[in-house]
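Reading through the structure tokens given below for one structure.
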Amino acid sequence: MSEVKDETQNQPKAGLSAWVLGSYGAPATPLAMVALPMAVYLPAVYADSDGFGLGLAFVGLVLVLARIFDGFTDPIIGFISDRSRTRWGRRKPFVLLGTPIYIFGICMLFIPPIEFSDITVFGYTMNSGYPWMLAMLVVTYVGSTIKDVPYSAWGAELSRNYHERTLITSWREGFSVIGSLIGAFTPAIIFFFGYDKPTDAVYFLSLAIAIVMPVLVINMLFSVPEYHVEERKAGPIPLLESFKYVWQNDPYRRLIIVFLFSTIGAAMTNTLSFFFVKHVLLAGALFGFYLAPYFVSQLVAIPLWFKLSRRIGKHRATMVAIGWYALWSCCIPLIAMAPMEWFDAFQIQNLLVLFPDETQAAALAYFEGKPTGKFLFFIIVMCLKGSSIGALSALPYAMAADVIDLDSAQTGKRQGGAYFSIWSMTRKLAYALGLFGGTSLVVFWGFDSLADPMNTTNTQFSLLMLAITYSVIPALFKFVAMPLLWNYPLTEKKLAEVQAEIEFNNSQSDGA
């Protein structure tokens, strides 16, 4: 008999408890603590005058090479995870294996035990920072792939309910924002202790995740069940045939295209954010103060986006979030071009007038010589923009969980690992493209990341194009999603029909 039901689905009818949801989402906190320095600080640590002083264009190239390698390892782990059968489940062993590899790579990347210097390889002289960065990125990304792809697939298999899947991703996104907040507040806090460089921030964050991540991952492995899945077909689907089913899945194909262009834009923004704040706003030492409220706005807005998605559907809520994001992104070049004196009302001394004189004097001592007016106005705009980021992260992931049911109805298999591996591969390759595009464009337009921002050799044109590449171009990439999401076919009603078909097919398999 070619079709048998080899496993049983034992998910609880009453839904997942808060403890299970929290235990599953909690490891996203240290992941986000790392994601922040990886996305924002890594280019600054390696390509800034206060960091390791490497060239921005070559640092971008190294990041792209590492990302390309990383992207092609995702399908391997995804398909192996789907086919694994152990007493501990399909996903848990991979999460356990990948975590220490990931932590080691992060620590070696941001706290290198060697001093970088010029070396000669095959007759070419280069800084040793480039090969070290590439090697440690490969280690980090291998560990990330081993744990993250099964982790995402595990979350998609925790529930079959349309809205509970959004709840799972919302919990995970909430913990992710908490991690981002910790990562964002860390440089703001250590600023008052005299640590104001990107290398200082990543040092403390690397040590923190080395302690926190193992604790939360171990709790998840013990506290979160990995349910058996229903599969009508006993044997594995060949690799090429699996790819064929994935590509024929129209809702998933739409999501991949949406996610690809959105990630390209996000990569450009993340890579250039520090350089924008340092060279355009002239507030590089205050960078951590922008990140903290930016991520607070994400956290506060997540429940609002969740309510909106229940009312109008995940795809329409995502469209609203894209429009909101683009609106405020277009304001950023206007802030960049405006004279500093227009923002005098936002100077820190004017915002502290209600505090005692002693408090004012103590606070102003830390900000002496730093132009804060334009920077603080920029924070307000970024909070409005940042309130959409939670939706743009959580809702597409929840929609990706839905499309796996559509595949199950067609194939009789549960291929969450395959789907999320391709999702992850797309994200990483798109991120590499956006990173390379962002750094290459600003260098092409004459921007020098090693220039002194106060006595700069950068032209007004290069700084304006840095602002546009940081904000407007990424927003344009996100608009690709609009026509693809407008008539998105996998609604809550359609998903219910698909799940009913799966139940019927399984009942037929039982009677066979």
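The values are calculated or read from the model by the stated rules, or taken from the named source; none is laboratory data. Everything quoted here is computed from the prediction, not taken from an experiment. Cβ atoms come from the backbone with ideal geometry, glycine included; neighbour counts cover every protein chain shown.
Looking for something under 18 Å from the mean Cα position of the chain (by Cα), assigned to a helix (DSSP H, G or I) and of a type in the set (A, V, I, L, M) - is there at least one such residue anywhere in the range 98-117?
yes
When the residues of the range 466-495 are narrowed to those that are out of contact with any Ser or Thr (no Cβ under 9 Å at 6 or more places or on another chain), in a loop (DSSP other than H, G, I, E, B) and hydrophobic (A, V, I, L, M, F, W, C), which ends up modelled with the lowest pLDDT?
Filtering the range 466-495 for residues that are out of contact with any Ser or Thr (no Cβ under 9 Å at 6 or more places or on another chain), in a loop (DSSP other than H, G, I, E, B) and hydrophobic (A, V, I, L, M, F, W, C), the one modelled with the lowest pLDDT comes out as Leu490.
Output the residues belonging to the range 67-101 that are under 18 Å from Arg427 (Cα atoms) and hydroxyl-bearing (Ser, Thr, Tyr).
Scanning the range 67-101 gives a single hit, Thr73.
Listed residues Gly60, Gly89, Gly71; which is modelled with pLDDT under 80 and assigned to a helix (DSSP H, G or I)?
Answer to the selection: Gly71.
Spot the failing condition for Leu260; the list is (1) buried (at least 22 other Cβ atoms within 10 Å of the Cβ); (2) more than 24 Å from Phe461 (Cβ to Cβ), and only one is missed.
Result: Leu260 passes all but (1).
Could you say whether any residue in the range 442-456 is of a type in the set (S, T, N, Q) and part of a helix (DSSP H, G or I)?
No, the range 442-456 contains no residue that is of a type in the set (S, T, N, Q) and part of a helix (DSSP H, G or I).
Any chance you could count how many residues in the range 458-471 are more than 27 Å from the chain's Cα centre (by Cα) and either buried (at least 19 other Cβ atoms within 10 Å of the Cβ) or within 21 Å of Val45 (Cβ to Cβ) (or both)?
Going through the range 458-471 one residue at a time, the tally reaches 2.
From the list Phe261, Phe346, Phe274, which one is over 14 Å from Lys478 (Cα atoms), under 18 Å from the mean Cα position of the chain (by Cα) and not aliphatic (A, V, I, L, M)?
The conditions single out Phe274.
Suppose we filter the range 422-457 for residues that are buried (at least 20 other Cβ atoms within 10 Å of the Cβ) and not aromatic (Phe, Trp, Tyr); how many remain?
Summing the residues that are buried (at least 20 other Cβ atoms within 10 Å of the Cβ) and not aromatic (Phe, Trp, Tyr) in the range 422-457 gives 15.
Pull up the range 303-328, narrow it to residues that are charged (D, E, K, R) and without any contact (Cβ under 8 Å) to a residue 24 or more places away in the chain, then point me to the one that is surrounded by the most Cβ atoms within 10 Å (Cβ to Cβ).
The selected residue is Lys307.
Six or more apart or on different chains, Cβ atoms under 7 Å: show the pairs whose first residue is in the range 276-300 and without any contact (Cβ under 8 Å) to a residue 60 or more places away in the chain and whose second is part of a helix (DSSP H, G or I) and surrounded by fewer than 24 Cβ atoms within 10 Å (Cβ to Cβ).
Taking only residues 6 or more apart or on different chains, not a single pair turns up.
Against the condition charged (D, E, K, R) and surrounded by fewer than 21 Cβ atoms within 10 Å (Cβ to Cβ), how does Asp50 come out, does it pass?
Yes: the conditions hold for Asp50.
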